[in-house]
Amino acid sequence: MLDRHLRSRPADYLVSFRALLSAEEEYHWAAVLGDFKDDFYPLACPHCGVEVTIAIGDYGRYSAIRDWDLGDVERRDLRPVAAEELTRTGRWMHETAVRDGQEVLADGISYLFGNAECPGCASVFNVADEYTSANRPVMR
């Protein structure tokens, strides 16, 4: 029923999209996925542990170290994943957004499931994998 509602391209598309994510038991994405206007995803670099801010929105698509006084410093451009390289949840999310004409959402998903460079140690990691491992609730 939610998928049928999404196909109608409702005004509350993102709310319904997140509800469908929840119904699919993708609770962490349902809770944090935004409209990619000004979204930030904090996570720790898997290699050096530095706190990295992932920004996806109108101000850019980058990883950075957030400084209280200076803002986001040491910015590194995110590397989006090509649509054909997406797998599982990322593929489903992207295909649904494209199908429904939600270009901004689809574009944001390609960055969210793409790669980032740590500003601290220059290692490259997958944003969605690291965010999922840090935030996925334990299911019992």
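The values are calculated or read from the model by the stated rules, or taken from the named source; none is laboratory data. This structure is a prediction, so every number in the text was calculated from the model and none was measured. When we count neighbours, we look across all protein chains shown, and the Cβ atoms used for this are built from the backbone with ideal geometry, even at glycine. Note: areas computed on protein heavy atoms with side chains; ligands, DNA, RNA excluded. Shrake-Rupley method; radii C 1.70, N 1.55, O 1.52, S 1.80 Å.
For residues in the stretch 58-74 being surrounded by 17 or more Cβ atoms within 10 Å (Cβ to Cβ) and under 17 Å from the mean Cα position of the chain (by Cα), which is farthest from residue 33 (Cα to Cα)? Taking the candidates together, the pick is 64. Per the listing 55, 64, the residue uniquely in contact with a Ser or Thr (Cβ under 6 Å, 6 or more places away or on another chain), of a type outside the set (S, T, N, Q) and not in a loop (DSSP other than H, G, I, E, B) is 64. Within the stretch 8-28, can you find the residues that are open to solvent by 50 Å² or more (accessible area, probe 1.4 Å) and small (Gly, Ala, Ser)? Answer for the stretch 8-28, where residues must be open to solvent by 50 Å² or more (accessible area, probe 1.4 Å) and small (Gly, Ala, Ser): 8, 11, 23. In the stretch 86-140, the qualifying residues are those that are assigned to a strand (DSSP E or B) and in contact (Cβ under 8 Å) with a residue 24 or more places away in the chain, and the one that is farthest from residue 36 (Cα to Cα) is 124. Of the residues making up the stretch 89-104, none is within 28 Å of residue 20 (Cβ to Cβ), aromatic (Phe, Trp, Tyr), surrounded by 15 or more Cβ atoms within 10 Å (Cβ to Cβ) and modelled with pLDDT of 95 or more. Summed over the stretch 3-31, residues that are more than 21 Å from the chain's Cα centre (by Cα), assigned to a helix (DSSP H, G or I) and modelled with pLDDT under 75 total 2. Suppose we filter the stretch 29-54 for residues that are under 19 Å from residue 93 (Cβ atoms) and either open to solvent by 10 Å² or more (accessible area, probe 1.4 Å) or small (Gly, Ala, Ser) (or both); how many remain? The number of residues fulfilling the criteria is 8.
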